[in-house]
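Remarks on the structure that follows.
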Amino acid sequence: MVYIVRSERGLAAILALIAMMLLGIMGIGLIVLSKIDIEISANHRDGVAAQYIAEGGIQWAIVQLKTDPNFVIETKTKKNVTTYVIDENRSTVASCTVTTTLKPAITDENLRVVTSIGSVNKAKRQISAQIRLPVGKGDPFEVIWEY
């Protein structure tokens, strides 16, 4: 009788090593994917926060236009572009820049264009609104702007 003996010792160990390498590569890929997801979520959060800060800048300008006569006078000339940086907490993370001008090519001096730029980390959002000042002594709580 003839026996054919193959030397297959160690083949299972090699296959196990290959399988472990493939699982390791897949694990590294999943770690990289989860890191990217975290960065996407952080960027989205910063964008939403910048949007809220920009909206807050518009609201600040509305309050200033309703309550501060000096602010209204400062923004009355067409050549005047008034820019305010609102950063009372000296934050290095978030800031808001509000620019107030008269609407170009219109002779109505009660119409202002307010542009607010909110910044959080690397995210920036810009909002512009047209604000019509009430003529005469109006109700200070009257709505003076439209989207």
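The values are calculated or read from the model by the stated rules, or taken from the named source; none is laboratory data. It should be emphasised that the depicted structure is a prediction, and the values quoted were computed from it without experimental measurement. Virtual Cβ from ideal backbone geometry, glycine too; neighbours counted across all protein chains shown.
List the residue pairs whose Cβ atoms are under 6 Å apart, where the first residue sits in the stretch 19-46 and is assigned to a helix (DSSP H, G or I), the second is surrounded by 10 or more Cβ atoms within 10 Å (Cβ to Cβ), and the two are 6 or more positions apart or on different chains.
46/120; 46/121; 46/123
Taking into account only those residues within the stretch 58-90 that are under 20 Å from the mean Cα position of the chain (by Cα), assigned to a strand (DSSP E or B) and surrounded by 13 or more Cβ atoms within 10 Å (Cβ to Cβ), which is modelled with the highest pLDDT?
In this case the residue turns out to be 84.
Looking at (1) exposed (fewer than 10 other Cβ atoms within 10 Å of the Cβ); (2) modelled with pLDDT of 90 or more; (3) of a type outside the set (Ser, Thr, Tyr), which one does residue 16 not meet, given that it meets all the others?
The one condition residue 16 does not meet is (1).
Output the residues belonging to the stretch 91-147 that are modelled with pLDDT of 80 or more, assigned to a loop (DSSP other than H, G, I, E, B) and surrounded by 15 or more Cβ atoms within 10 Å (Cβ to Cβ).
Result: 121, single match.
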